[in-house]
Every structure is written in C-alpha cells, then in structure tokens.
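Right, one structure below, let's go through it.
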Amino acid sequence: MLVSWIKAMRPQTLPVSIAGVIAGTGCAVWCNKFNAAPALLCLLFAVLAQIASNFGNEYYDYVKGIDKKGREGFRRGVTEGDISPVAMRNATFCTLALAALTGCAMLPYGGTELIAVGIAVAVFALAYSAGPFPLSHHGLGDITVVIFFGLIPVTFTCYLQCGSWEGLNASLPTSVAVGLLAANVLIVNNYRDADDDKEAGKRTTVVLFGRKAMSLVYLLSGITAIAIAFILPVWRGILRLSFAVPMLYLLLLHIKNWRKLIRNSGAALNPLLGDTAKVLLFYSTMLFAGKHPTKYI
C-alpha cells in the first residue's frame, strides 16, 4: 500500500516543484537577501501543492473515465484498484490543507497579499483535472505549468526572502525559463498518452497540435531557457567560459532527451519524464550555484 501511495506522488516529477524554489532562492542570493526560513517554507509548500495536484489528477481522471487499466504511463493506484477512490480524494484535500497551513506560515514574510496567491494555487491545483472545465483536458495544461511551476514559485520565493520586489529583474526572466522547462515534463507525459487521451476526449496540446509540433516545442523550449540564462543580469561579472561549459553540456543533454522523445513511444517514454525533470533541476541548481552578491548596474 505504501508503495502505491509513493507512486501516486509521482516522485520522478517532483524536481519540477523543487527547481522553481531553488532558482528563486538563487535570485534572492543575488540580492544579498538569502533567508533560509521562507526558502524552506516555499519548498515545502511547492512540493505539497504538486503532490496534491498529482493526487487530484489521478482521482479526477479516474472519476471522469480518462484512465484505464494497463495504460502506457506509470501505474495509477486508483484505476488499478491499489487505492480506493475515496482514500485518494481525501488524500488530495488533506495534502492541500497541509499546503495551506504552510502558506499561512509564510504570511509574516510576505504579508496578507499572499492569501490571494495561495488561493489561486489551491484552485488551479484542483482545476487542472477537476471541475466542469478541467484545464488539462482543454489544451491549457502547458500554460498552467509555466505559470504555477515557473512564474509564481520563482518570483515569490525571491520576494519572500527579499521582502520586496527588488530582485524581479532577475527572478522574472528566470521564472520564464524554469516554466518552459517544467512544461517540457508535461509534454513528455502527454506525448506518451496522446492516443489514450484522444480516445477519452482529453484534448491536450499534443492531441490538438500533434506529436511532431509538440516535439518541436519541447526542443525550442529547452533552447530558449538556456538562451535566457545568458541574458540574465545575475551573470554580469561572471566569466562566460565558466558558465558556458556546463550550459553547453545541459544543451547537449536536452537535445539527447529530445531525440529520445521523437524516437520512442508508449511506456518507453516513462524514463524520459524523470530525465526531463532532471534537466530542469540541473538548470536551476546551476543558476543558484552561479549567483553571487553583486550590485545593480
């Protein structure tokens, strides 16, 4: 039973939520405003919110008849009978409640305006798969990921540590890059499930635009994210060569993953989910490790 719950958390994709917090913390370091307490709270909130979304996705896709036994993707506990639907529904809301409590602990660092952000995160965590208009079923999953795994976690992690928006000129472009790489994880997932999704009436971007078009989006998103890193203000004063070498490696790794995407199908794409998430985590870690206190120019 424990193994089934761990699988339902989809640990291979959790680096997606972790990466945004790491990148946002890097931006705070650049502003000489690193603060461990809000950074850890942001990390806990991000992971809990993603797990709640993953639980909700499994429960609501089961309720709507989207999932079926023997699917190409990772084993779904509810669909396969390992976890009861009621237990998964309860786990979804309990995890979301824990995320909300964590969010309340952030209020001393960010003020009451964070309440609106927390509500938006909770609503979209459920709206991704639930409700009369589930976002992931209407081609809106990708943009949702860019916003809630890129823009929001990176900029607000930096904001909470700085106590102001002084690092926005670094955190905003960083958040776009992180969001694009996070969306690539979803593209792999939808690329693998395109046939099943089409049959079930789930209109992901891969179903809408086709595998060839979305594989190109996957490739260009990674290249764009790496290009953004070179124009970030946080890299002023850092030797370009010391930065370019690991970025070149990351680019080659991304292209290697893209080749796996276009050459494989079905369950053979499962490892690529984790590989794509690792590229994002590596990217964010590099930005964090390379950032250093500097002055605005």
Per the filter on the stretch 133-147, residues farther than 11 Å from LEU180 by Cα and touching a residue at least 40 places away in the same chain (Cβ under 8 Å) are PRO134, SER136, HIS137, HIS138, GLY139, GLY141
From the set of residues in the stretch 91-113 that are modelled with pLDDT of 95 or more and β-branched (Val, Ile, Thr), which is surrounded by the most Cβ atoms within 10 Å (Cβ to Cβ)?
-> THR92
Residue count, the stretch 40-79, condition in a helix (DSSP H, G or I) and either small (Gly, Ala, Ser) or modelled with pLDDT of 95 or more (or both), comes to 16
Residue among ASP142, ASP82 that is among the charged types (D, E, K, R), surrounded by 15 or more Cβ atoms within 10 Å (Cβ to Cβ), in contact with a helix residue (DSSP H, G or I) (Cβ under 7 Å, 6 or more places away or on another chain) and modelled with pLDDT of 95 or more = ASP142
How many residues does the stretch 189-213 hold that are within 23 Å of SER175 (Cβ to Cβ) and out of contact with any Leu (no Cβ under 9 Å at 6 or more places or on another chain)?
-> 1
Would you point out which residue out of GLY163, GLY210 is surrounded by fewer than 16 Cβ atoms within 10 Å (Cβ to Cβ) and touching a residue at least 60 places away in the same chain (Cβ under 8 Å)?
-> GLY163
State all residues of the stretch 104-132 that are polar (S, T, N, Q) and without any contact (Cβ under 8 Å) to a residue 12 or more places away in the chain; if no residue qualifies, say none.
-> THR112
List every residue pair whose Cβ atoms lie under 8 Å apart, where the two residues are 6 or more positions apart in sequence or sit on different chains, the first residue falls within the stretch 216-231 and is within 16 Å of TYR191 (Cα to Cα), and the second residue, located anywhere, is modelled with pLDDT of 90 or more and among the polar types (S, T, N, Q).
-> VAL217/THR205; TYR218/ASN184; SER221/ASN184
Tally the residues that are in contact (Cβ under 8 Å) with a residue 40 or more places away in the chain, within 20 Å of ALA229 (Cβ to Cβ) and surrounded by fewer than 19 Cβ atoms within 10 Å (Cβ to Cβ), restricting the search to the stretch 254-280.
-> 1
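The values are calculated or read from the model by the stated rules, or taken from the named source; none is laboratory data. All of these numbers come straight from a predicted model, not from anything done at the bench. Using ideal geometry, Cβ is built from the backbone for each residue, glycine included, and neighbour counts are taken over all protein chains shown.
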